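Structure, as structure tokens:
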Amino acid sequence: MSLTDEDIALLEHVHDVAGGDPNERVDLQSAPLGSRPLQAAKRRLLGAGLIELASISDDVKITQFGLDAVTELRIRRSNGPARTAALRLYLIRWLYDSYLNDGRLTSTSEFLTSDRCRFAGQAFSEREVSRTVGYLDAAGLIDGVRIDQTDHLLRPCLTSKGVDCAESEKSVSEFLNPTPPASTTFNVRINGSQNVAVGTQSNFSQTNGSNIDPAALAQLAHFANVAREGLASYGMDADQQVEVSQIADDLEAEATSDTPDRGRLRRLNDRLVEALSPAAGSALGGIVVALGQQAAVAIGS
């Protein structure tokens, strides 16, 4: 399942108060959320298996799955290239929203208070945003008025090139530096989670003439393989297992074909995530679904 900012804040609060100890009880009354967001976030975290009730009161404990999730979240936040790539794309999409709605923005500083100014549940800093504004401006993707060497642009907007970037469904880097349309053999090694059975390594090699990032194809093939291998552990009925197996076969076949289709890959990946949804509440099922969500981001970038 996808976590909201409130979910992430509550999960990290439980983690930090417990000192990363799954046996430590945490009273949620001290959580930095209002009563309504607190109860909604609590229900979602319980449903996802990230925390568990420790008593009949508000006391909870973080599960091993929750500990792993916080570790992964914080590793992701510290990934500078991933943060930068996400921020560039989020800023482009923020300006594109304004372009579609004929909006008139006053300054790129307004992005700092938008709901797009977050990565893995954490707000981007003003320094990160101003640096990205400068990069996109220099790349010819955005335009605006700069006064007295300020870090932000007044009356910002996308250039025609910026609109093309937003509509390309590519990352900014991929848009600015497209891969030559040639058939090339790629070899990619994917490492899964070390905490569950998905931690096996798989080698992926194919000839790809579709100009799709080979790492994204590797993620999709890995997700399909892991989804299929974990069938016996999900607690799903026979019909649900058959559906998961069939979709996983189709997804893996498409991801490893010579000319994979991006649209079909997205549809099959979404169908497989949906087919696995009955198992999302279990630790293993939740991790496998998360693999599918990560693969969806990769093929959609």
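Taking the criterion of being open to solvent by 10 Å² or more (accessible area, probe 1.4 Å) and within 12 Å of LEU220 (Cα to Cα), the residues of segment 265-282 that qualify are ARG266, ARG267, ASP270, VAL273. Tell me, yes or no, whether segment 7-17 has at least one residue that is part of a helix (DSSP H, G or I), of a type outside the set (Gly, Ala, Ser) and open to solvent by 50 Å² or more (accessible area, probe 1.4 Å). Within segment 7-17 (the criterion being part of a helix (DSSP H, G or I), of a type outside the set (Gly, Ala, Ser) and open to solvent by 50 Å² or more (accessible area, probe 1.4 Å)), the answer is yes, since at least one residue qualifies. The set of residues in segment 50-89 that are of a type outside the set (Lys, Arg), touching a helix residue (DSSP H, G or I) at 6+ places or on another chain (Cβ under 8 Å), over 23 Å from ALA280 (Cβ atoms) and outside any strand (DSSP E or B) comprises ASP58, ALA82, THR84, ALA85, LEU87, LEU89.
The number of residues in segment 153-170 being within 22 Å of GLU128 (Cβ to Cβ) and at pLDDT below 90 comes to 1. Evaluation of GLN39 against the conditions (1) part of a helix (DSSP H, G or I); (2) polar (S, T, N, Q); (3) in contact (Cβ under 8 Å) with a residue 12 or more places away in the chain shows that the sole unmet condition is (3).
Here SER202 fulfils each of the conditions (1) surrounded by 14 or more Cβ atoms within 10 Å (Cβ to Cβ); (2) among the polar types (S, T, N, Q); (3) modelled with pLDDT of 75 or more apart from (3). Residues in segment 215-243 that are over 30 Å from SER171 (Cα atoms), crowded, with 16+ Cβ neighbours inside 10 Å and either hydrophobic (A, V, I, L, M, F, W, C) or touching an Asp or Glu at 6+ places or on another chain (Cβ under 6 Å) (or both): LEU231, MET236. Residue pairs whose Cβ atoms lie under 7 Å apart, separated by 6 or more positions or on different chains, with the first residue in segment 211-239 and under 16 Å from ARG264 (Cα atoms) and the second open to solvent by 60 Å² or more (accessible area, probe 1.4 Å), are ASN211/THR179; ASN211/PRO181; GLN219/GLN294; ALA221/THR256.
Looking only at residues in segment 129-178 that are charged (D, E, K, R), closer than 22 Å to SER114 by Cα and part of a helix (DSSP H, G or I), the one that is most open to solvent (accessible area, probe 1.4 Å) is ARG131.
Among helices (runs of 4 or more DSSP H) entirely within segment 232-301, having at least 1 residues that are farther than 26 Å from GLU72 by Cβ singles out 238-255, 262-275. Can you find even one residue in segment 14-23 that is among the charged types (D, E, K, R) and either over 19 Å from ALA290 (Cα atoms) or touching a Phe, Trp or Tyr at 6+ places or on another chain (Cβ under 9 Å) (or both)? Yes, the conditions are met somewhere in segment 14-23. Residues in segment 22-31: is at least one in a loop (DSSP other than H, G, I, E, B) and among the β-branched types (Val, Ile, Thr)? No. Mind listing just one residue for me: the one in segment 52-110 that is within 17 Å of ARG25 (Cα to Cα) and without any contact (Cβ under 8 Å) to a residue 40 or more places away in the chain and, of those, surrounded by the fewest Cβ atoms within 10 Å (Cβ to Cβ)? For segment 52-110, the residue satisfying everything is ILE56.
The values are calculated or read from the model by the stated rules, or taken from the named source; none is laboratory data. Since we're looking at a predicted model, the values are computed, not measured. Neighbour counts are summed over all protein chains in view; Cβ atoms, including those assigned to glycine, are modelled from backbone coordinates with ideal geometry. Accessible surface areas use protein heavy atoms only, side chains included; no ligands, DNA or RNA. Shrake-Rupley method; radii C 1.70, N 1.55, O 1.52, S 1.80 Å.
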